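The values are calculated or read from the model by the stated rules, or taken from the named source; none is laboratory data. Just so we're clear, the structure is a prediction, and the values are computed from it rather than from any experiment. For neighbour counting, all protein chains shown are included, and Cβ atoms are generated from backbone atoms with ideal geometry for every residue, glycine included.
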Amino acid sequence: MPNSSERREKVACTVANIRKLFDGKEPSREMLAQVKTELVKLATSKHLFTLEDFPPPEADDPRNSCLYRLSEDEDHKFALYANVANAKVDAPPHDHTTWAVIVGLLGVEENKFYKKAEDGVEIFGGESVQEGTGVMLMPDDLHSIHIAEGEPVLNFHMYGLALEQLPGRNYWSAPKKEWRTFPAHTDIREAR
Ligand SMILES: [Fe+2]
């Protein structure tokens, strides 16, 4: 079976399990832990998620990372992406306004966690996402992500709602010392 059809099948099966888990309920940390378990299981099919199938941006691309859509329901829920980076990434502390789970396949993505403080944010922890590990975030949880130059990173990002549908994600701008809003994502690539 060609990789693309095996990949579609495995992804569909994983998302079906996750959809069943939610079954109309509001997300909880326990549910997100189960989402993480499902995605870690999917990540063991390493031959289906390679840099050949999900190439990072070229060196002359102004972006250092990009997203490939692996799955999304018709109502835009349960959006699963492959996120790939090949250069330094530093995303400021931000929320998602929906739940999010990140699971690693290749390379290392450092996550730092924050709580809101009077003057912006206060860091309270961190975790690195790499092969077989992941982090979970409730809609209001804040994290920043950091990827070092030199080693490409490929991981799963799953959200309760597709990124194009999330125009209100907030981030803390340290230089401006204010909360700002990310524009909705527009350049998500379709996986083969
Ligand atoms: Fe994020």
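Below, the figures for the structure above:
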quantity	calculated
Selection within the range 7-33 - more than 19 Å from D73 (Cα to Cα) and either in contact with a Leu (Cβ under 7 Å, 6 or more places away or on another chain) or basic (K, R) (or both)	R29
Yes/no for N83 being within 17 Å of the chain's Cα centre (by Cα) and at pLDDT below 95	no
Residue identified as modelled with pLDDT of 95 or more and either in contact with a Pro (Cβ under 9 Å, 6 or more places away or on another chain) or within 22 Å of L142 (Cβ to Cβ) (or both) among V101, V89	V101
Positions within the range 78-105 being crowded, with 17+ Cβ neighbours inside 10 Å and more than 16 Å from the ligand (Cβ to nearest atom), in sequence order	F78, N86, A87, L105
Residue satisfying condition, being basic (K, R) and in contact with a strand residue (DSSP E or B) (Cβ under 6 Å, 6 or more places away or on another chain), within set K25, K36, K20	K36
Test: residue in the range 97-109 that is of a type in the set (V, I, T), over 15 Å from the mean Cα position of the chain (by Cα) and farther than 18 Å from V35 by Cα	no
Condition check for V129: among the aliphatic types (A, V, I, L, M), more than 14 Å from the chain's Cα centre (by Cα), crowded, with 18+ Cβ neighbours inside 10 Å and at pLDDT 95 or above	no
So A79, is it of a type outside the set (D, E) and closer than 24 Å to A191 by Cα	yes
Subset of the range 30-77 [of a type in the set (A, V, I, L, M) and surrounded by 14 or more Cβ atoms within 10 Å (Cβ to Cβ)]	M31, L32, V35, L39, V40, L42, A43, L48, L51, L67, L70
Flag if G134 is touching a strand residue (DSSP E or B) at 6+ places or on another chain (Cβ under 7 Å) and more than 14 Å from the ligand (Cβ to nearest atom)	no
Filtered residues of the range 115-147 (kept if closer than 27 Å to F49 by Cβ and aliphatic (A, V, I, L, M))	V129, V135, M136, L137, M138, I145, I147
Failed criterion for G160 (all others in (1) surrounded by fewer than 21 Cβ atoms within 10 Å (Cβ to Cβ); (2) part of a strand (DSSP E or B); (3) of a type in the set (G, A, S) hold)	(1)
Lone qualifier among H143, H96 - being closer than 21 Å to R63 by Cα and outside any loop (DSSP other than H, G, I, E, B)	H143
Residue satisfying all of: in the range 172-188; surrounded by 15 or more Cβ atoms within 10 Å (Cβ to Cβ) and in contact with a Leu (Cβ under 9 Å, 6 or more places away or on another chain); modelled with the highest pLDDT among these	W172
Residue among L21, L67 that is assigned to a strand (DSSP E or B) and closer than 30 Å to D140 by Cβ	L67
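Yes or no, residue by residue, for (1) in contact with a strand residue (DSSP E or B) (Cβ under 8 Å, 6 or more places away or on another chain); (2) outside any strand (DSSP E or B):
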position	(1), (2)
K115	yes, no
V121	yes, no
S128	yes, no
G150	no, yes
N155	yes, no
R180	yes, no
H185	yes, yes
